[in-house]
Every structure is written in structure tokens, then in C-alpha cells.
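Novice: One structure follows; several queries about it will come next.
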């Protein structure tokens, strides 16, 4: 009886027999495995142990529960029941890097995250592996240009074993990347598993500009080479008028009338009248004379956009919140605008009870760190809004309880949303 096919059924495959054949080279003994080139004394049992260790590691990967950005949604779908990456040996996903041996980088890596990523990688016991998933992780993707904070490839921070391109890659692509990683692990065995791939230190180049330049040179050379043939064709075919291209008429669609929303809360003329009574010097953005007639002509959807001086800024915000007629008790947004000659701090308030909204603009001089009173004493939610404006524009908010950077590292040079911001590592996309 054939031990590999005890039932004698045609096409029957015995995994155990195949495993033994692969392990021993068909001889039935571990000594049948060939020696590893360049490794002294690597034949026989040593080689068999190496194969078994590689096989075991490849089929028992423990990924770290770590999603860097939007590609993490596809990574979660890969681990869920429909795709079920447990079929490939990724059964146990660990929340601690000390219990994981695989990081799947799923999405954009920013500079502030970079040091944390390196720490996580260093805390993982070896052998450890990395899969870079998505265009942003591999090269920066659409953020390769005009970005001050995105790392142009995760392999510039930690070694990467497998790259899975896409934006985002589907679960099938990630599973294919897992299988490729398993192939690398099985081939490497235990001897090569502790040698990570090198970090990418290649210079960052403006590939788009270089490609456009090379394309223009090739097109110019092509036209020069065809010039003689074009002249000869014109001489031989004097009546040729060229190819007439008939353009397809663009389809026309019926215009859909826009539905104007109804007025919610106090109308803009009434709101401005209440404010002007208390603060006579107020102006409206875009109107030299904010009369009730001009404000009413802007329609029911217009949100009152008030210009206030720095001396009245804090008092006006407090009045808007406390006045019983206005009750603008919700801070939607606080941000800033750089107009090159000045900064505008913009505050967006809403009345949750009545529904009307108001914009406030306060101009600040063009200084390295212009200052304005903090609204944290009136709206607790202004805390992070003001920290963001300080982080990106350098605007200081007097009286803020914890004014420090929010998104960028403490030692980040400059403020990236200012018009005069310069970053030598940033590649600016040029129009073509």
C-alpha cells in the first residue's frame, strides 16, 4: 500500500507526506537537504531545523494593532470575517509591540508620528517585519509635493519588507502582500531573519519636474527628426488639408433651480443693529456702509460677517454669548487667515437655541508673534482651536492656560500656514 496515498484514490494528496518529502529532499532523512551556499556546516539536521523555523514563523505572524491613516479601514476589512486574514496565520493581533512581530503601516506617516513609529519598531522583539500599505506609506503619495509634515516613504524611518501599492489597496492586495512576506520568511529561515532591510537614504528628488523636462526633450527631438519627412509630405501632397476632427457636442441638461434655505433665528440686519448699539465702531466684511437695506439685500442665507478691533474682541464675544436676544452660545470654529499684510483671526459662533450664526474678524499686525486675548474664559472649546492657530500661524493668545503646539513637534521650525514659511525639504509642485 502506498503510505502517501493509503486509500489508493487518484489525486489524493497527503500533507504530512509532502511535508516530510520537502523536509528531507525525498530521502526520508533530514540529511537529504542540500547545504545552504556560503554557510559552513549547514547540511542535514541544521538545514531541516532552519526550514521548520521559517515555516513556523511565516504561518504565525502577530500583527500590531496600529493603523496610521485611512488605509487602516482596508486593513480592518482584511482582518474581518469576510476576508479573514486568520486563514493565512495572522490570527492574533496584539495591542503591545512587545508581543507583536509585524507592523502593517496602513496610510500616511507624518513627521510627528515618525519618532513614535521608530519607538514601536524598536520595542518589537526580533525577528520583526514591516508591510508598507498604500501610496502614502510607500512614497508620500499625493503628499509628496507641497507638504511640510508627511514623510516621503516609511522606509526612510524603519526597514520595510513588502510594499503593497494602491490608494487604498483592497483587502485582496494586502493578503497578497502577506503571502509575499511569508515567502520571504520561509526562504530566510532563522539565519537571515535577524538581518533587517536597510533604511532608504536616497535623496528626495522632484521627479515630476524631471520627468516633464525629459518628456519635452524627447518630443522636441522627435519633431526635429520628423521635420524633413513632413516637408517632403507637404511637397508631394499639396492639396492635403489635414485631418478634420469632428467634436462631439456636449450634452445639455436642464437647469435645476437652487432652493434658497429659509431664515433661521435672527436676520442679519437685526443682529447687526443689536451689536452696533453696544459697539458703535463695528463694520461688516465687504460693505463700506452696513445699512439695514444692504444687509437685507444679501438674502436669508447670508451669515453676518463682523469686523471688530482687538480692543473690543473679547468684550464682543462675551456679549454675543450672554445677550438674551442673541444667545450665540456655541463656538463652531476659531482659525486665522494670512493676507500677507496682516492676519485675521476668524471666529464662527452659532445659537443652538435659535439657529442663527455670526462670523467675527479681528485684524492683527504682521509680526512674528502677534497677540490677541484668549477666548478660553468664555468658551472652553477655544482651547484646541487657539493652539492650532498658534501652531500654524504663530499667533499668541494672551491668557491661554496651555499655549503650546498641537499638531507639530515642539522644535518644528516656523509656522507652516504663513505665507512667508520656507521649508528646504519641501518639494513645490510647479504648474506645467
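Novice: Among DSSP beta bridges lying fully in the chain, give the percent that are antiparallel, nearest 5.
Specialist: Expressed as a percentage, antiparallel bridges in the chain total about 55.
Novice: Stick to Cα atoms and the Kirkwood definition of Rh, then tell me Rg/Rh for segment 202-286.
Specialist: Checking Rg against Rh, the ratio lands at 1.44.
Novice: If r is the Cβ-Cβ distance from residue 340 to residue 249 and R0 is 45 Å, what FRET efficiency results, to the nearest 0.05?
Specialist: Taking R0 as 45 Å, the efficiency between residue 340 and residue 249 is 0.50.
Novice: Against the longest principal axis of the chain, how steep is helix 111-123, in degrees 0 to 90 to the nearest 10, with axes from Cα atoms?
Specialist: Relative to the chain, helix 111-123 is tipped by roughly 30 degrees.
Novice: Sticking with this one: Which residue, 113, 208, 226, tops the fluctuation ranking in a GNM of the chain built on C-alpha contacts under 10 Å?
Specialist: For the chain, modelled as a Gaussian network with Cα springs under 10 Å, the answer is 226.
Novice: Put one equal scatterer on each alpha carbon of segment 95-247, apply the Debye formula with no solvent term, and list log10 I(q)/I(0) at q = 0.16, 0.17, 0.20, 0.21 1/Å to two decimals.
Specialist: So the normalised log intensities work out to -0.94, -1.03, -1.29, -1.36.
Novice: While we're on this one: Which angle between 0 and 90 degrees, to the nearest 10, do you get for helix 45-58 versus the longest principal axis of the chain when only C-alpha atoms count?
Specialist: Helix 45-58 and the main axis of the chain meet at about 30 degrees.
Novice: Of the residues 220, 321, 112, which exhibits the maximal mean-square fluctuation in a Gaussian network model of the chain defined by a 10 Å Cα contact cut-off?
Specialist: Comparing 220, 321, 112 in the GNM, the peak value goes to 220.
Novice: Among the DSSP beta bridges whose two residues both lie in segment 72-188, what percent are antiparallel, rounded to the nearest 5?
Specialist: Expressed as a percentage, antiparallel bridges in segment 72-188 total about 10.
Novice: Could you give the length gained on full extension between residue 241 and residue 260, defined as 0.36 nm per residue of separation minus the Cα-Cα distance, in nm?
Specialist: 1.5 nm
Novice: Considering only C-alpha atoms, what is the centroid distance from segment 203-260 to segment 51-87, in Å?
Specialist: That distance is 47 Å.
Novice: Here is a further query. Using alpha carbon coordinates only, what is the Rg to Rh ratio of segment 268-398, with Rh defined as the Kirkwood radius?
Specialist: 0.95
Novice: Peptides 63-76, 171-184: what's the order by average Cβ count within 10 Å, highest mean first?
Specialist: 63-76, 171-184
Novice: Another question, then. Rounded to whole Å, give me the distance from the Cα center of segment 344-360 to that of segment 394-432.
Specialist: Rounded to whole Å, the Cα centres lie 26 Å apart.
Novice: Let me ask something else about it. Highest mean first, what order results for 307-316, 96-105 on Cβ atoms within 10 Å?
Specialist: In descending order of packing, they fall as 96-105, 307-316.
Novice: Looking only at 141, 114, 265, which one moves most when the chain is put into a Gaussian network model with springs between Cα atoms under 10 Å?
Specialist: 265
Novice: Which one is right for this structure if Rg/Rh (Cα atoms, Kirkwood Rh) is calculated from it: (1) 0.99; (2) 1.15; (3) 0.95?
Specialist: Step by step, Rg/Rh (Cα atoms, Kirkwood Rh) for this structure corresponds to label (2).
Novice: Compute the acute angle (0 to 90°) between the alpha-carbon long axis of helix 15-24 and the principal axis of greatest extent of the alpha-carbon atoms of the chain; round to the nearest 10°.
Specialist: 70 degrees
Novice: Arranged from highest to lowest average of other beta-carbon atoms within 10 Å per residue, in what order do the peptides 288-295, 392-399 appear?
Specialist: 392-399, 288-295
No value in this document is a laboratory result; all are computed from the given coordinates. These numbers were taken from a predicted model, which means no experiment stands behind them. Heads up, the Cβs are rebuilt from the backbone with ideal geometry, glycines too, and the neighbour counts pull from every protein chain shown.
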